[in-house]
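S.K.: Mind having a look at this structure? Questions to follow.
The values are calculated or read from the model by the stated rules, or taken from the named source; none is laboratory data. Fair warning: this is a prediction, and the values are worked out from it, not measured in the lab. With ligands, DNA and RNA removed, areas are computed over all heavy atoms of the protein, side chains included. Shrake-Rupley method; radii C 1.70, N 1.55, O 1.52, S 1.80 Å.
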Amino acid sequence: MPELHDKEVTEIFKALSHPIRQQIILILADSHENHGVGFTALQSSLNSKKSSKPIQVGSIYHHIGLLGSLLNQTPEKAWILSESGWLAHKLLQSTHDRSE
């Protein structure tokens, strides 16, 4: 496991503190074999998982911005998880596994 600095740990916990950011991480992890997710597909996935009112474009961009270094963007403009993003995913999965 790579060494994490305080800033990276703080960023991971901040990312995991909101359900929309958690969903973004899970969606990107599920799509890693497809070489990432474009914005439109991400928006569609987020809105299909949420039963109440749709998540607006500005809100999605806000949460993507807060994910910061946990995400990378491919030359094709698809979003993928960075190394820190995969660590966040692993932490998120371990908490889900415990609650089941």
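S.K.: Quick one: with all protein chains in place, what share of the accessible area of the chain is carbon or sulfur, to the nearest percent (1.4 Å probe)?
M.R.: 53 percent
S.K.: In addition: What is the extension gain from SER59 to GLN73, computed as 0.36 nm multiplied by their sequence separation minus the C-alpha to C-alpha distance, in nm to one decimal?
M.R.: Computed gain between SER59 and GLN73 is 3.2 nm.
S.K.: Sum up the lysine pairs in the chain that clear both bars: alpha-carbon distance under 25 Å and a spacing of 8 or more or different chains.
M.R.: Taking the Cα cut-off of 25 Å, the pair count is 11.
S.K.: Using C-alpha positions alone, give me the convex hull volume of the chain per residue in cubic angstrom.
M.R.: 115 Å³
S.K.: Using Cα-Cα distances under 8 Å and only pairs 6 or more residues apart, what relative contact order does the chain have, in percent?
M.R.: 34 percent
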